[in-house]
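Some notes on the structure that comes next.
The values are calculated or read from the model by the stated rules, or taken from the named source; none is laboratory data. Treat the numbers as computed from the prediction; the structure is a model and nothing was measured. Note that each Cβ is placed from the backbone with ideal geometry, even for glycine, and that neighbours are counted across all protein chains shown. The protein model used for the area step is the full one, side chains on, heavy atoms only, and it has no ligands, DNA or RNA in it. Shrake-Rupley method; radii C 1.70, N 1.55, O 1.52, S 1.80 Å.
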Amino acid sequence: MACLGRSTAWRGAGQGFRLEAQPGSQVQRYLVSFTEPYFMNSNVSFSASAFYFDRGYYDYSESRYGGRLAWGYRLTPDMSITGALRAENVNIFNPRVNTVQELNDALGKNDLFSGKVSLTHDTRDLPFMPTEGHMIELSYEQAFGSFDFPRAEVSWYQYFMLHERPDQSGRHTIAVSSQIGR
């Protein structure tokens, strides 16, 4: 039994849990994910997610299911490195026309696996609704399975606080972002 005046209540430590359901006739998406930013009270982070996605495009239909596991390590208070593994099953079906060779090559069930490494420098004051700071992420992903391809990206987000009230509420922020990749 907790006594009054003592701080014995359970408090979160930054974990995140997301459960998403978006049913529909043209697009449907289901997702469950969990993030632990300080795995076993260390500088190691862990995240896991699973999803199902189904969409009818104009030229074909697509359904996907899969999951992702990621481990990260905080190098400094502002810099971290993350490694992730992803596995997906992608089914392409119901082509509108049968004359596009690239689409015909992708029809049916395809397996997609990837490994990704990311380096992130993050000075934002808040992770969900930042008002100051920046986040720069460099990432490289190599996919293999039914299709093999590399993907490299650089993302930059900068936040500037324009105004806040004397009591530090009512913050007005402008954000600038850029992303480039191959």
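Annotation for T99 and L162: the two label points, set 7 Å from Cα along the Cα-Cβ direction, are 5.1 nm apart. Extension gain for V44-M79 works out to 11.4 nm (0.36 nm per residue, less the C-alpha to C-alpha distance).
Accessible area per residue was computed with a 1.4 Å probe on protein heavy atoms; Y30 scores about 80 Å². Between Q22 and L107, the contour length at 0.36 nm per residue exceeds the Cα-Cα span by 28.1 nm. Loop-located trypsin sites (Lys or Arg not before Pro) in region 71-123 (DSSP state other than H, G, I, E, B) with a sparse environment of at most 16 neighbouring Cβ atoms within 10 Å: R96. Estimated purely from DSSP H runs of n ≥ 4, each contributing -39500 (n - 2.57), the mean residue ellipticity at 222 nm for the chain is -500 deg cm²/dmol once divided by its residues.
Residues whose amide H lies under 5 Å from that of D78, counting only those 5 or more places away or on a different chain, are absent; hydrogens are built 1.01 Å from N in the peptide plane. Pick the calculated Rg/Rh (Cα atoms, Kirkwood Rh) for this structure from (1) 1.18; (2) 1.39; (3) 1.06? After the calculation, the listed value that fits is (3). Qualifying chymotrypsin sites (Phe, Trp or Tyr not before Pro) in region 33-63, where qualification requires a DSSP coil assignment and no more than 14 other C-beta atoms within 10 Å, comprise Y38, Y57, Y58.
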